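Quick notes on the structure that follows.
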Amino acid sequence: MNDSVEARELLYEGKAKKLFATSDPDLLLQYFKDDATAFNAKKRGTIAEKGVINNAVSEVFFRLLEREGVPTHFVRRLDDRRMLVKRLEIVPVEVVVRNVIAGSLAKRLGLDEGKPLPEPIVEFFYKSDPLDDPMINAWHVLVLGMATKPELDRMVALTLRTNAVLRPFLAARDIVLVDMKLEFGRHHGEILLGDEICPDTCRFWDSSSGEKMDKDRFRRDLGRVEEAYQEIARRVGA
């Protein structure tokens, strides 16, 4: 692989990242922004150096997962804000795995936030900003052709494996992995874990104090957002 990778045309710009084509049709440049959004972009702001931290933290997690047999789109981190990744045909389904009751699960079911679950819960959401990413089930995914049964089974298996790898890694660093949102895509017919894994896409709580160390600090106007992101990066060695 050629080490001198140059960004070409912008293919996509989302709330947190930009994707650029490269001279290799199988590879893309993923650029991490400082823009912060919540409630499907109804709340907007900026978190200083968020892109730099999320790029570095994602690299740590992707490298760990690859070592543990979870195939990802990660190729290498190029600099503070750019990551070289494999081009994916994104499956329009966000897979959320929950270990502790929090966020929309608590709200939807009237449950107390903070109670550990006896085992992980996996949920699916349709990736659609105009529709506010509605919750769906496996029937929707299959009948509406978002993914095949083998692909969906593979996504669930990789989600649970990712959770099983990251939970003890984080626990050893006094971090509770409350829940996380994962995205997957097809690369030459294989389902790979894509997007990013960072305080934007996970809920991280301090094991001792229960303090939130993720984007909930931005969502809920808790303050010290940058410090929380920096502390996660420090603890995971990013």
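Taking the condition crowded, with 17+ Cβ neighbours inside 10 Å, touching a Lys or Arg at 6+ places or on another chain (Cβ under 7 Å), part of a loop (DSSP other than H, G, I, E, B) and of a type in the set (D, E, K, R), does residue 214 pass?
Here the answer is yes, as residue 214 does meet what is asked.
All but one of (1) in contact (Cβ under 8 Å) with a residue 24 or more places away in the chain; (2) under 18 Å from the mean Cα position of the chain (by Cα) hold for residue 168, so report the exception by its number.
The single condition residue 168 does not satisfy is (1).
On the given criteria, is residue 77 of a type in the set (D, E, K, R), farther than 25 Å from residue 163 by Cα, in contact with a helix residue (DSSP H, G or I) (Cβ under 6 Å, 6 or more places away or on another chain) and crowded, with 17+ Cβ neighbours inside 10 Å?
Answer is no for this residue.
For the range 1-70, list the strands (runs of 3 or more DSSP E) that sit wholly inside it and hold at least 1 residues that are over 18 Å from residue 198 (Cβ atoms); which are they?
So the answer is 10-13, 17-21, 27-32, 43-46.
Residues are listed down the side, and each one gets a yes or a no for (1) buried (at least 18 other Cβ atoms within 10 Å of the Cβ); (2) modelled with pLDDT of 95 or more; (3) over 16 Å from the mean Cα position of the chain (by Cα); (4) not assigned by TED's automatic domain parsing to the domain that holds residue 17:
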| position | (1), (2), (3), (4) |
| --- | --- |
| 33 | no, yes, no, no |
| 40 | no, no, no, no |
| 43 | no, no, yes, no |
| 46 | no, no, yes, no |
| 56 | yes, yes, no, no |
| 67 | no, yes, yes, no |
| 71 | no, yes, no, no |
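Restricting to the range 118-176, name every residue that is within 14 Å of residue 96 (Cβ to Cβ) and aromatic (Phe, Trp, Tyr).
Listed by number, the residues that qualify are 124, 125, 126.
Name the single residue that is surrounded by the most Cβ atoms within 10 Å (Cβ to Cβ) among those in the range 128-156 being of a type in the set (D, E, K, R) and more than 24 Å from residue 69 (Cβ to Cβ).
133
Could you please tell me which pairs satisfy a Cβ distance under 7 Å, a separation of 6+ or placement on different chains, a first residue in the range 123-138 that is in a helix (DSSP H, G or I), and a second residue that is at pLDDT below 95 and not acidic (Asp, Glu)?
That search, which allows pairs on different chains as well, returns 129/40; 129/41.
What number of residues in the range 83-117 are among the charged types (D, E, K, R) and either at pLDDT below 95 or surrounded by fewer than 19 Cβ atoms within 10 Å (Cβ to Cβ) (or both)?
Residues flagged as among the charged types (D, E, K, R) and either at pLDDT below 95 or surrounded by fewer than 19 Cβ atoms within 10 Å (Cβ to Cβ) (or both) within the range 83-117 amount to 6.
If you go through the range 23-30 one residue at a time, do you hit one that is within 23 Å of residue 133 (Cα to Cα) and crowded, with 20+ Cβ neighbours inside 10 Å?
Yes, the conditions are met somewhere in the range 23-30.
Does the range 81-116 hold any residues that are assigned to a strand (DSSP E or B) and of a type in the set (A, V, I, L, M), and which are they?
Of everything in the range 81-116, those that are assigned to a strand (DSSP E or B) and of a type in the set (A, V, I, L, M) turn out to be 83, 84, 85, 90, 91, 93, 95, 96, 97, 100.
The values are calculated or read from the model by the stated rules, or taken from the named source; none is laboratory data. What you see is a predicted model; the values in this text were computed from it and never measured. When we count neighbours, we look across all protein chains shown, and the Cβ atoms used for this are built from the backbone with ideal geometry, even at glycine.
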